[in-house]
1. Debye calculation, C-alpha points only, no solvent: report log10 I(q)/I(0) for the chain at q = 0.10, 0.16, 0.19, 0.21 Å⁻¹, in the same order as the q values.
2. Ranked by Cβ crowding within 10 angstrom, fewest neighbours first, how are 10, 109, 74 ordered?
3. For residue 55 and residue 70 in one chain, what is 0.36 nm times their gap in residues minus the Cα-Cα distance, to one decimal in nm?
4. Taking the Cα of residue 31, stepping 7 Å toward and past its beta carbon, and measuring to each backbone N in segment 54-76: which are under 16 Å?
C-alpha cells in the first residue's frame, strides 16, 4: 500500500456518507469492526449493527448540514503482521465552511484482494458528539 492507495481509500469512505451509500461503506469494513472514541468502544459484528451505526453517522451529517467530507492522510505505517496503521484528519464542511473542528483518527487497515478494508477506527470524536447516542458499555 502506498500514499496514493491510502488517499483513494479515504476519499471512498468520505464519499459514501455524502452519497448515503451503505453498500460502499460495507465494502470498506472488515468484521469484527471496532470504533474507539472518548465516549467508549463500540464493537460491530453484523451488517445490521453496521447499518445502524451508519444511520447514526448520517444523522450527524444531517444535523450539521454537511455537503462535503474530506480526509487528509497524516501517516501510513506497515505493521509486522501485514496490516497497516493509517492516520488521517477528517474535515466536515457545509457550504465550503467547516461545520466543526477537524479531528484526527487512526484506522487498522488490511490490504485484501478486494481492496483496502478496515477493522478498527480510533479517534477522540465520533457521531456520538452530534447524535447524542452513546456507545453501550456492556454493563
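A short reminder: the numbers here are calculations on the coordinates, not readings from a lab. Predicted, not measured: the structure shown is a model, and the values here were computed from it. Here the Cβ is made from the backbone with ideal geometry for all residues, glycine too, and neighbour counts use every protein chain on show.
1. With no solvent term, the Cα-only Debye profile gives -0.31, -0.83, -1.22, -1.51.
2. So the residues, fewest neighbours to most, are 74, 10, 109.
3. 3.5 nm
4. 54
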